[in-house]
1. What order, most packed first, do the peptides 6-14, 36-44 have when packing is the mean number of other Cβ atoms within 10 Å of each residue?
2. For residue 141 and residue 55, compute 0.36 nm times the residue count separating them, minus their Cα-Cα distance, and round to one decimal in nm.
3. What is the extension gain from residue 44 to residue 192, computed as 0.36 nm multiplied by their sequence separation minus the C-alpha to C-alpha distance, in nm to one decimal?
4. I need the calculated FRET efficiency for the pair residue 26 and residue 121, taking r as the beta carbon distance and R₀ as 45 Å, to the nearest 0.05.
5. At what distance in nm do the modelled label points of residue 6 and residue 82 sit from each other, each positioned 7 Å from its Cα along Cα→Cβ?
C-alpha cells in the first residue's frame, strides 16, 4: 500500500494596498492590509532528507517574488483605470512601486487564485505541487484556493467540441475566451514599461 501524499505549509507576509472598486461599503476606498499567505505543497513521497520541499525554497521563490512585486505595492483591478494610472504616475515620477494588475477585483479570493497560479510556476521544477493557497486579509478574514481550482485555472478550454455546441457550451466558451483575453492584457500590463500604461489608456478611450 502506497503511503498517502504529504503536505507542508510555508507562511509568508507582506504589506500592500488595494480597493474593491465595486464594493458596497468602505472597502471601495483605497486602504492597506498586512497580508498573510499560507502556501501548502504536496508530494507523493518525501525527499532523501524526509521533506516535501525545503521551506527555504518556498520562501526564496514565492516569498522572493512577493517581495519584489507585491510588497508595498498597490493591487489593482484591470478595470480601475484611475487608480492604475495614479500608481503608474507615482512609480514613474517618485520611484514608488508600480501597481500589480489583476483580471478582476483584488479580493482575497482573487489574490489567492493569482498566487496559486504563480506559485505553481515558481515551484514547477522542484517536483512538488501546490495543494492550496490561503490568503488572510485580516486575522479574521481569509480565502482559500485548492489544487483542483489551480488546475481549472491553468486549463482554459481553447477548442469547441465536435458538432454543434449547445447554448451552455457556447456560453462557456465565450466566458473562457473573454477570460483568456483579460489574462493576456493583465500579463502584458504587468510586464510593460511604465510609459506603455499611459499609451494603453489612450488607446482604449479612442476605440
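1. Working: 6-14: 16.3, 36-44: 19.7.
Highest-to-lowest ranking by the protection proxy: 36-44, 6-14.
2. On the way: separation 86, 0.36 × 86 = 30.96 nm, distance 2.47 nm.
Gain on stretching residue 141 to residue 55: 28.5 nm.
3. The span from residue 44 to residue 192 would gain 49.4 nm if fully extended.
4. Values: r = 34 Å, r/R0 = 0.76.
It comes out at approximately 0.85.
5. Simple spin-label model gives 5.3 nm for this pair.
FYI, it's all coordinate maths here, none of it is from the lab. Computed from a prediction, not measured in an experiment: that's the story for all the values here. Backbone-built Cβ (ideal geometry, glycine too); neighbour counts: all protein chains shown.
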